[in-house]
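See below for the structure under consideration.
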Amino acid sequence: MTTTFPALTSLFAAAGALALVGRAAWRWRGTRDVALPAAHASSPPMPRELPVAPAPARRHRAELPDTTCDACGTMIPGGERICPICARKQAAAKGAGWTTLWHWLFTIAVLTVLYGGAYLLAP
């Protein structure tokens, strides 16, 4: 008797839910059969076409004449001082190796703190 009562109460809840769904379906079927008003039955609404905005005027940019690289003398586009190859050489001469070394040291320090803290906090 103790197992049938919870089973019956869950069946009552399921029956009530099915009754609500059935009533909603019956109401929906009744509203579907109603004729549409004359304004909606004639034609579906059409979207309005909006006028296209004119494109903004383009600025005329003066073309600079080609120049030569200050370091090696090759031709480069106007507005530049040195060519890309010379720029890379200058950047490498400034000590890119030291920057990489500092990045590695910082990474090792952060990972040491993270793994050390995890080791100390682990049971």
Selection from region 3-54 of residues that are modelled with pLDDT of 85 or more, in a loop (DSSP other than H, G, I, E, B) and either open to solvent by less than 100 Å² (accessible area, probe 1.4 Å) or among the aromatic types (Phe, Trp, Tyr) (or both): ALA53
Where TYR119 falls short, out of the listed (1) out of contact with any Asp or Glu (no Cβ under 9 Å at 6 or more places or on another chain); (2) surrounded by 10 or more Cβ atoms within 10 Å (Cβ to Cβ); (3) not in a loop (DSSP other than H, G, I, E, B): (2)
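Scan region 69-85 and tell me whether some residue there is touching a helix residue (DSSP H, G or I) at 6+ places or on another chain (Cβ under 7 Å), modelled with pLDDT of 85 or more and either surrounded by 10 or more Cβ atoms within 10 Å (Cβ to Cβ) or among the β-branched types (Val, Ile, Thr) (or both). Steps first, please.
Of region 69-85, the ones touching a helix residue (DSSP H, G or I) at 6+ places or on another chain (Cβ under 7 Å) are 69, 71-72.
Retained after the next criterion (residues that are modelled with pLDDT of 85 or more): 69, 72.
Within this subset, residues satisfying the condition of being either surrounded by 10 or more Cβ atoms within 10 Å (Cβ to Cβ) or among the β-branched types (Val, Ile, Thr) (or both) are 69, 72.
So far as region 69-85 goes, yes, one or more of its residues are touching a helix residue (DSSP H, G or I) at 6+ places or on another chain (Cβ under 7 Å), modelled with pLDDT of 85 or more and either surrounded by 10 or more Cβ atoms within 10 Å (Cβ to Cβ) or among the β-branched types (Val, Ile, Thr) (or both).
The values are calculated or read from the model by the stated rules, or taken from the named source; none is laboratory data. Owing to the predicted nature of the structure, the values given are computational and were not obtained by experimental measurement. Heads up, the Cβs are rebuilt from the backbone with ideal geometry, glycines too, and the neighbour counts pull from every protein chain shown. Just the protein is used for accessible areas: all its heavy atoms, side chains included, with ligands, DNA and RNA removed. Shrake-Rupley method; radii C 1.70, N 1.55, O 1.52, S 1.80 Å.
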